[in-house]
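Following: one structure in structure tokens, then a few remarks.
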Number of protein chains: 4
Amino acid sequence: MSAFNRDAKGVYLITVTPFKDNGELDLASTDRMIDFLLGCGVTGLTVLGIMGEAPKLTAEESKIFVKQVLRRVQGRVPVVVGASSVGFAPMRELSHSVMELGADGVMIAPPVSVRTDDQIVAYFDMVNETLGPDTPWCLQDHPVATGVQMSAGVIQRILKSSPQCVMLKHEDCPGLAKLSTIRAAMARGDLPRASILCGNGGGLFLPEELSRGADGAMTGFAYPEMMVDVVAAHAAGDVERAHDLFDAYLPLARYEQQSGVGLAVRKHLFWQRGVIASAAVRKPGPQLSAADLTDLDRLVRRQTRRLAELG
Amino acid sequence: MSAFNRDAKGVYLITVTPFKDNGELDLASTDRMIDFLLGCGVTGLTVLGIMGEAPKLTAEESKIFVKQVLRRVQGRVPVVVGASSVGFAPMRELSHSVMELGADGVMIAPPVSVRTDDQIVAYFDMVNETLGPDTPWCLQDHPVATGVQMSAGVIQRILKSSPQCVMLKHEDCPGLAKLSTIRAAMARGDLPRASILCGNGGGLFLPEELSRGADGAMTGFAYPEMMVDVVAAHAAGDVERAHDLFDAYLPLARYEQQSGVGLAVRKHLFWQRGVIASAAVRKPGPQLSAADLTDLDRLVRRQTRRLAELG
Amino acid sequence: MSAFNRDAKGVYLITVTPFKDNGELDLASTDRMIDFLLGCGVTGLTVLGIMGEAPKLTAEESKIFVKQVLRRVQGRVPVVVGASSVGFAPMRELSHSVMELGADGVMIAPPVSVRTDDQIVAYFDMVNETLGPDTPWCLQDHPVATGVQMSAGVIQRILKSSPQCVMLKHEDCPGLAKLSTIRAAMARGDLPRASILCGNGGGLFLPEELSRGADGAMTGFAYPEMMVDVVAAHAAGDVERAHDLFDAYLPLARYEQQSGVGLAVRKHLFWQRGVIASAAVRKPGPQLSAADLTDLDRLVRRQTRRLAELG
Amino acid sequence: MSAFNRDAKGVYLITVTPFKDNGELDLASTDRMIDFLLGCGVTGLTVLGIMGEAPKLTAEESKIFVKQVLRRVQGRVPVVVGASSVGFAPMRELSHSVMELGADGVMIAPPVSVRTDDQIVAYFDMVNETLGPDTPWCLQDHPVATGVQMSAGVIQRILKSSPQCVMLKHEDCPGLAKLSTIRAAMARGDLPRASILCGNGGGLFLPEELSRGADGAMTGFAYPEMMVDVVAAHAAGDVERAHDLFDAYLPLARYEQQSGVGLAVRKHLFWQRGVIASAAVRKPGPQLSAADLTDLDRLVRRQTRRLAELG
């Protein structure tokens, strides 16, 4: 079984948080989603990320959801919990309680208030102090969402000074050069190896990222089998096959990555695939129009046909 | 006694949250601070605002602090609680629990994600739905902190469609023209009267705002007697006296309003005045240098002298 | 021949500005690029846009470049010139001089300083006053680059009050719903028809935008034949063919749309195709690594193969 | 006579650009303004800064204005010209032409596009390359206007690698700690001495900045004698007198520093003092209301009285 550590590989899927039509947590759909994702072959799960509508949950709901996920997963894959927070007391509270529940680690992105190199590094020193020596964590580099630009040099400083930071979730764009730089520094022994999973634009650069040395993907998409199959083909050395598969899913993946409506697209498709009972997104959130649904029908139909052609 | 309603006047002081040197909530200092502020003559209190380090508290700590404040205040002045939140479930949870504890209302600022006029208005429709018909609230217009520009027209739309929004906390800069426009619209009967309390730059435009029709101030400063005395002099028709008093405090107020170190200045001066037992600010937070303390000594000394001259 | 007016259709290509290796304007390559683009079947040209490195040219260089383009085009297609400017005197100076040189119109995006609905509308009132009654113009809606969010309602207000605004360059994301709303309002006669050309993500949503009523594309890509062929297939009613072609180019288009390195990719490919003599980008600008070139080789090779399969 | 070099001291006044009521450059008022400012005792002039409405001038107008200023100054004080630009070709063109006209140097702020420490330092390497070995320049650190946060460490890196950067215009807020850090590094010999002139909040922290080792002020205010007299008193060792004078002007200075309307206030007061013939600000720009003028009348009257009391 895979573990949440410096050698982690494969696909850590960013889950959605299923709600009922009335907006309540849907724990039955949560179980069904877990089963579906494990069936797809993901090697890990990341819950309460941005696409998990984390800020729309109460502290109590967050714990109920994490508990349900952990109970269903039963340790078959590692579960990482988003625990970014403007303040350290809430970060400590959330991370300690999910670790006690059995989570494998947490994921932390910097707050918009840190700007200069030294401010960013100092912030993560405080993160280390907050999480303590027993909580492995993943550093999330996602400037579009956070507003924080971390250079390759800054990321290396953080990784060096963070014994428990075992993974980098890389989603800067353009980020291929950054990925190459960090991987090369690890190869030279300038800093300890950490797992690097990619999520740039929701996986929109996955084949190229794998060629640059990424260990896999940490992102979400209504067809998680895309990431699983692309990573597998690439790992097997069949780079052209990895591209073929990726290209077949790309038109839909691109559509799902429209910021603002993407989550509604993903939940609609999960609902359509029978994974969750309702596509409900909590307010404030996007809604799909009839024209959007027409677009999706076409894209799914074309994707199915193209995958059949590829065999 | 004053009430948190459309006719509220005077000074609603934004409190700090006292901590011990080790970072724990300091409830004894909280009591002492309440006594001090009521002794200064404030007509209301606003807790868990930006300067109250709200995001650095756990949900549990927030409730403990609010409970302590309410117990000490004993209904002598209204207490308003900051309840802005990216998500509506946490906003509902916090606002309902503080109202049950006995708070008089909540204060809400828009999240950075809303930009256009219609997005802002739609957001506050959801706020009204979230808070329900029994929670009076104050609209906080503070673009420097929120990143959201609300025009005078948008604020009027919100006030018109929000039966429970009884107060505007006005802290846009430049904002004098906006204040005049909104007050004039209320005077013409275009929208119902609401209380307008000002906090622009920490009260740095208080005399001018009072002349434009503000009902008072909602802000913080290590010398709350400044706002109380300026508002009283202005209300008594002695505008020159109001300016004289304001000008005497202005050099220190300006110094305290430096974004980033301001909270450390305020807590240091409260500590120096014996109001709180420790000037501790939770991480990540500013610290004062020896040179800062030298500046403060000079400014306080000069302020004391100038106030004595004024009599 | 097409004209820059409310009925404009097809593809207005955003040109690059060719430089020599030493950074000087390359007028010979400019001629060759014009010939190439007209050969691709574009129906218009837009110069001095963001991807034209406009802010890196002196005022003198801008005029030399526009003059060269106009001389080579010889009126075969309309030429629109980017003339956005923080100040109105420079906007007037540039737009008047290019119109005198023979340009067909200008393109204007709002400056980051305007935020509220009324500020945006008032800004474009001043634009109309600046450009005068004889300069047709295109409104550029590109929030990612400008930082300005214009709602569908605001765009309609601008179009209604701007007799000379004949075209909307639509590149908001997500923007499909906005496009549908504005097109429907025109269809109902709520506002005069204007041409709507799309550039969302460099054309990454082109087939869907055409289905929503866009008149074509205004964007750039190293393979302008993609936009020309997709628009033609769609106009001929063969929507599946439009998607097939689009999907074949999508992996490369996606790669070229990486913000930051995209322009270097585009110029490299233009150079590789023999369109321009040098891929030089003026400082500060991106450079491609060996790994980037390897990616591009693979993507071009796969694209060629896929297009051959499609026939 | 003072020179624009590493030992510069005193007050470099940021000038406005006078316009006629019809918006044209007013060269007669320009002359009168120069005479007035030199009469106030300023030791240098900075033209075409943000408060000089530089982006609203055409390239031609900028040169006409600079030429007029230089002709009138006749070398009596150094003249520095704002030459920040997104592109290096326009920066080179403007800086070389004003140096040829006889300017003493230029002032450069970073563009919003640079974020990380290394990006900022690399940008100024290109600035040095652009300006060449014969153009002394001033580094402007003004995050509120530029959006760029330069840490004390980054500023030291720039100063070390820029032989022609002779001055730092310091206007970060809070910035007192940064000023102390940089001055201390110069005192230790870690980097060569450079002049440090302050403009934080339009001079709102001038006495404290002088105590931290600033060499003077580079900012604007309708009463330039304030900065001149405060700097002189401080230089003469009478720190209390420096504070007394500063405090007398502070209520008006604070009012003039309201972002957005500040320039209209400054030009109104210059007009009222007979310095310029019209208070016109080019569009888009602020306008003063009757209530604003009432505020100003009171503030000027009170300021005059307070200065008389001080003697």
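Some points to look at:
- Between C:V239, C:V261, the distinction of being more than 21 Å from the chain's Cα centre (by Cα) and among the β-branched types (V, I, T) belongs to C:V239 only.
- Test for B:S95: is it closer than 24 Å to B:R72 by Cβ and open to solvent by less than 40 Å² (accessible area, probe 1.4 Å): yes
- Across segment A:84-122, the qualifying residues are those that are among the hydrophobic types (A, V, I, L, M, F, W, C) and at the interface with chain B (Cβ under 10 Å from one of its Cβ atoms), and the one among them that is farthest from D:V114 (Cα to Cα) is A:L94.
- Consider segment B:269-282 and keep the residues that are under 19 Å from B:K56 (Cα atoms) and in contact (Cβ under 8 Å) with a residue 40 or more places away in the chain. The one that is nearest to the other protein chains (Cβ to nearest Cβ) is B:R282.
- Listed by position, the helices (runs of 4 or more DSSP H) contained in segment D:190-274 that have at least 3 residues being under 30 Å from B:K178 (Cβ atoms) are D:239-256, D:262-272.
- Within segment D:10-23, considering residues that are surrounded by fewer than 18 Cβ atoms within 10 Å (Cβ to Cβ) and in contact with a helix residue (DSSP H, G or I) (Cβ under 9 Å, 6 or more places away or on another chain), the one modelled with the lowest pLDDT: D:G23
- Filtered residues of segment C:123-140 (kept if open to solvent by less than 10 Å² (accessible area, probe 1.4 Å) and either within 14 Å of chain A (Cβ to nearest Cβ) or under 19 Å from the mean Cα position of the chain (by Cα) (or both)): C:T135, C:W137, C:C138, C:L139
Listed here are the residues, each with its yes/no results for (1) among the hydroxyl-bearing types (S, T, Y); (2) touching a strand residue (DSSP E or B) at 6+ places or on another chain (Cβ under 8 Å); (3) surrounded by 14 or more Cβ atoms within 10 Å (Cβ to Cβ); (4) more than 12 Å from D:Y223 (Cβ to Cβ).
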position: D:R254; (1), (2), (3), (4): no, no, yes, yes
position: D:S259; (1), (2), (3), (4): yes, no, yes, yes
position: D:K267; (1), (2), (3), (4): no, no, yes, yes
position: D:G311; (1), (2), (3), (4): no, no, no, yes
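- Complete set of residues in segment C:155-169 that are open to solvent by less than 10 Å² (accessible area, probe 1.4 Å) and either in a helix (DSSP H, G or I) or of a type in the set (G, A, S) (or both): C:I155, C:I158, C:L159, C:S162
- Hey, A:S62 open to solvent by less than 20 Å² (accessible area, probe 1.4 Å) and under 22 Å from B:R282 (Cβ atoms) or not: yes
- Any hit, segment D:173-183, residues being open to solvent by 10 Å² or more (accessible area, probe 1.4 Å), part of a loop (DSSP other than H, G, I, E, B) and closer than 20 Å to B:S259 by Cα: yes
- When segment A:1-26 is filtered for residues that are over 21 Å from A:I196 (Cβ atoms) and in contact with a Lys or Arg (Cβ under 9 Å, 6 or more places away or on another chain), the ones remaining, listed by number, are A:V16, A:T17, A:P18, A:F19, A:G23, A:D26.
- Screening segment A:32-57 for residues that are open to solvent by 20 Å² or more (accessible area, probe 1.4 Å) and under 25 Å from A:P284 (Cα atoms) and picking the one that is farthest from the chain's Cα centre (by Cα) gives A:K56.
- Some residue of segment A:147-158 being in contact with a His (Cβ under 9 Å, 6 or more places away or on another chain) and of a type outside the set (V, I, T): no
- Residue pairs whose Cβ atoms lie under 6 Å apart, sitting 6 or more positions apart in sequence or on different chains, and linking a residue in segment D:165-189 that is over 13 Å from D:R212 (Cβ atoms) to a partner that is surrounded by 22 or more Cβ atoms within 10 Å (Cβ to Cβ) and hydroxyl-bearing (S, T, Y), are D:M167/D:S195.
- Residues of segment A:209-252 that are small (G, A, S), within 14 Å of chain C (Cβ to nearest Cβ) and more than 17 Å from A:C198 (Cβ to Cβ): A:A248 alone.
- The single condition among (1) at pLDDT 95 or above; (2) facing another protein chain (nearest Cβ under 9 Å) that C:A264 does not meet is (2).
- Complete set of residues in segment B:116-128 that are of a type in the set (D, E, K, R) and either in contact with a Gly (Cβ under 6 Å, 6 or more places away or on another chain) or in contact (Cβ under 8 Å) with a residue 12 or more places away in the chain (or both): B:D117, B:D125
- The residues listed here are D:T46, D:T17; of these, the one that is in contact (Cβ under 8 Å) with a residue 12 or more places away in the chain, hydroxyl-bearing (S, T, Y) and within 14 Å of chain C (Cβ to nearest Cβ) is D:T17.
- Within segment A:234-256, the set of residues being of a type in the set (G, A, S) and over 22 Å from A:R302 (Cα atoms) comprises A:A235, A:A236, A:G237.
- Pairs are defined by a Cβ separation below 8 Å, a sequence spacing of at least 6 or placement on different chains, a first member in segment A:212-239 that is within 15 Å of A:L38 (Cα to Cα), and a second member that is part of a loop (DSSP other than H, G, I, E, B) and among the basic types (K, R); the pairs so defined are A:A222/A:R273.
- In segment A:141-154, residue farthest from C:D295 (Cα to Cα) [restricted to those that are in a loop (DSSP other than H, G, I, E, B) and more than 14 Å from chain C (Cβ to nearest Cβ)]: A:V148
- Segment D:216-233, residues that are over 21 Å from B:L299 (Cβ atoms) and surrounded by fewer than 22 Cβ atoms within 10 Å (Cβ to Cβ): D:Y223, D:E225, D:V228, D:A232
- Taken over segment D:187-201, the criterion of being within 19 Å of B:Q257 (Cβ to Cβ) and either open to solvent by 10 Å² or more (accessible area, probe 1.4 Å) or facing chain B (nearest Cβ under 10 Å) (or both) is satisfied by D:N200, D:G201.
- Residue identified as surrounded by fewer than 22 Cβ atoms within 10 Å (Cβ to Cβ) and at pLDDT 95 or above among D:L288, D:L299: D:L288
The values are calculated or read from the model by the stated rules, or taken from the named source; none is laboratory data. Please read these numbers as outputs of a predicted model, since none were measured by experiment. Glycine also receives a Cβ, built like all others from the backbone with ideal geometry; neighbour counts cover every protein chain displayed. Calculation scope for accessible area: heavy atoms of the full protein, side chains included, ligands and nucleic acids excluded. Shrake-Rupley method; radii C 1.70, N 1.55, O 1.52, S 1.80 Å.
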